[in-house]
């Protein structure tokens, strides 16, 4: 158990809909990362938040957005869903010390199926 | 830019066989290198890491050495067990230029160990 929790575990929805994925980082970790794992794109970095602020952006679509709340949990919002958004979405957290390379601890993922 | 090229799978070995999974990287700065493992139905777990050239990461009998001259970080294990069956991901983090610690992943190599 990494200490990172993600809910829900599975999500089935229809095209055009909007969903919210939730992540709670390990206790004490200030940084949250979101990754997408799909069959065609592999594991891709989407976005990072550090202590409530956006730190880095990767291949995140404009239809997707995220935020990190004062209690440090994070939510990834996916809207106008398309079939191609079906994937496993992982959250990871780390302490993120300045100038350091921190280990990222991954949650179990949320499997999204868009029908 | 940053990228990771990983040996295509799947790889099937008999128990106690020697394992090598090749990984090479391209990076613009001074990356740290990681191997993550994903067991069936689970999230990613850090297996080992190396933060500078000639460092050797090791864990649970697995080893990988950071080779700057060949830009490689090959994963090895002398004697695999059935319980090692999983998908292995090589990854890099390169915060030296942008300050971002997000991971760049290879495509993953599925290992199956048969008794």
Restricting attention to the range A:85-115, which residues are modelled with pLDDT of 95 or more and exposed (fewer than 15 other Cβ atoms within 10 Å of the Cβ)? A:113, A:115
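Residues are listed down the side, and each one gets a yes or a no for (1) buried (at least 16 other Cβ atoms within 10 Å of the Cβ); (2) at the interface with another protein chain (Cβ under 9 Å from one of its Cβ atoms); (3) touching a helix residue (DSSP H, G or I) at 6+ places or on another chain (Cβ under 6 Å):
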site	(1), (2), (3)
A:55	yes, yes, no
A:61	no, no, no
A:72	yes, no, no
A:82	no, no, no
Only one of (1) out of contact with any helix residue (DSSP H, G or I) (no Cβ under 7 Å at 6 or more places or on another chain); (2) modelled with pLDDT of 95 or more is not met by residue A:29, so which one is it? (2)
Residue under question is residue A:76, and the condition is that it be under 20 Å from residue B:104 (Cβ atoms), assigned to a loop (DSSP other than H, G, I, E, B) and more than 14 Å from chain B (Cβ to nearest Cβ); does it hold? no
Looking at (1) surrounded by 15 or more Cβ atoms within 10 Å (Cβ to Cβ); (2) under 11 Å from the mean Cα position of the chain (by Cα), which is the only condition residue A:26 fails? (2)
Which pairs do you get when a residue that is free of Cβ contacts under 8 Å to residues at least 40 places away in the same chain, found in the range A:74-91, comes within reach of a residue that is part of a strand (DSSP E or B), reach meaning Cβ atoms under 7 angstrom, with the pair 6+ apart or on two chains? A:85/A:78; A:85/A:112; A:85/A:114
Only strands (runs of 3 or more DSSP E) wholly contained in the range B:6-115 count here; list those with 3 or more residues that are within 15 Å of the chain's Cα centre (by Cα). B:19-21, B:23-26, B:32-38, B:44-50, B:56-59, B:62-65, B:75-77, B:86-93, B:103-105, B:109-114
Enumeration of residues in the range B:86-112 that are without any contact (Cβ under 8 Å) to a residue 12 or more places away in the chain and either crowded, with 24+ Cβ neighbours inside 10 Å or in contact with a strand residue (DSSP E or B) (Cβ under 6 Å, 6 or more places away or on another chain) (or both): B:100, B:101, B:102
Say we look at the range A:7-54 and pick out the residues that are free of Cβ contacts under 8 Å to residues at least 60 places away in the same chain and part of a loop (DSSP other than H, G, I, E, B); which of these is nearest to residue B:4 (Cα to Cα)? A:41
With respect to residue A:112, is the statement that it is assigned to a strand (DSSP E or B), closer than 23 Å to residue B:107 by Cβ and away from chain B (no Cβ under 14 Å) true? yes
Unique match (being closer than 25 Å to residue A:90 by Cα and in contact with a helix residue (DSSP H, G or I) (Cβ under 9 Å, 6 or more places away or on another chain)) among B:59, B:101: B:101
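The values are calculated or read from the model by the stated rules, or taken from the named source; none is laboratory data. Computed from a prediction, not measured in an experiment: that's the story for all the values here. As a convention, Cβ positions derive from the backbone with ideal geometry for all residues, glycine included, and neighbour counts pool all protein chains shown.
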